[in-house]
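Data first, discussion second: the structure below is written as structure tokens.
A short reminder: the numbers here are calculations on the coordinates, not readings from a lab. No experiment lies behind these values; they were computed from the predicted model shown. Counting neighbours? That spans all protein chains shown, and the Cβs are built from the backbone with ideal geometry, glycine included.
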Number of protein chains: 2
Amino acid sequence: MASENNPYRSDCPINYSLEMLGDSWSLLIIRDIIFAGKRTYGEFLTSDEGIARNILANRLQQLTCKGILEKKPHHTDNRKDLYVVTDKGLDLIPILLELSAWGAKHEPSTSHGQSWVAETNLDREQLVQRIRQSVLEGRSVFDSVGD
Amino acid sequence: MASENNPYRSDCPINYSLEMLGDSWSLLIIRDIIFAGKRTYGEFLTSDEGIARNILANRLQQLTCKGILEKKPHHTDNRKDLYVVTDKGLDLIPILLELSAWGAKHEPSTSHGQSWVAETNLDREQLVQRIRQSVLEGRSVFDSVGD
């Protein structure tokens, strides 16, 4: 049972994470930022899953409120906002990697999306650091595969 | 875009996993089986998060259809069903561990739920194997912490 000081459904860290991440759309937006280098509302709209405009706007607001994303002004176009991941958002990289590994194993038609991991020849911790660094430098991790 | 042979929203393995796992209730049920050794509808109902009866029944059915859980007759009470995780479900252990680690780091009030991991003194792969073995043997992993 949640304690008096805890606004979440329970004191379980897994439950907390699930409450923070909400439904699958939130993690797909974070995937787009971390792996595809997307940063704007318009870029998120183009992803294959076809997120609806109202859902996208809502999830961007929620993720910003929860400290997982940060909204910044666009450098050159003041009609747009840029969404970047915070440190809290970067810490989601291992969760995304495990979701990707599980999906590729159990639905082989998606496995090409995971094949680049093997190509890096990095151990798990090195892989997480490589991805984190690519996000901080504003480039796609795929640009550095094989370095 | 999803290919003709792919019934999912896209070819991305992360998206596949999120579609399979559905909302947070599914992962909480799997958590209860893997970490708490729960196996019946009545046991899942007692968890702190307070899952509603209709949601629980729906998620048990979905997880069974998706090959993540398997429904078996109860050994001694034919009014009850037992739900056990399949190999596909056991492969979710690393995802649950990462969700737990992220939650404990970013919401310290939940960190006691993660403290047993440090006590095991196991590396990550050993920890996954220890948990998997405990589930297969029908006991809680907490029984073996410190072995």
Give me a count of the residues in the range B:88-127 that are surrounded by fewer than 12 Cβ atoms within 10 Å (Cβ to Cβ), assigned to a helix (DSSP H, G or I) and either touching a His at 6+ places or on another chain (Cβ under 6 Å) or of a type outside the set (A, V, I, L, M, F, W, C) (or both). 5
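Per-residue answers, yes or no, for (1) crowded, with 21+ Cβ neighbours inside 10 Å; (2) more than 9 Å from chain B (Cβ to nearest Cβ); (3) among the hydroxyl-bearing types (Ser, Thr, Tyr):
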{"position": "A:Pro7", "(1), (2), (3)": "no, yes, no"}
{"position": "A:Ile14", "(1), (2), (3)": "yes, no, no"}
{"position": "A:Leu21", "(1), (2), (3)": "yes, no, no"}
{"position": "A:Ser26", "(1), (2), (3)": "yes, yes, yes"}
{"position": "A:Gly37", "(1), (2), (3)": "no, yes, no"}
{"position": "A:Tyr41", "(1), (2), (3)": "no, yes, yes"}
{"position": "A:Phe44", "(1), (2), (3)": "yes, yes, no"}
{"position": "A:Leu56", "(1), (2), (3)": "no, yes, no"}
{"position": "A:Arg59", "(1), (2), (3)": "yes, yes, no"}
Out of all the residues in the range B:93-108, is one or more among the β-branched types (Val, Ile, Thr), away from chain A (no Cβ under 14 Å) and in contact with a helix residue (DSSP H, G or I) (Cβ under 6 Å, 6 or more places away or on another chain)? no
All but one of (1) away from chain B (no Cβ under 14 Å); (2) in contact with a Pro (Cβ under 7 Å, 6 or more places away or on another chain) hold for A:Thr120, so report the exception by its number. (2)
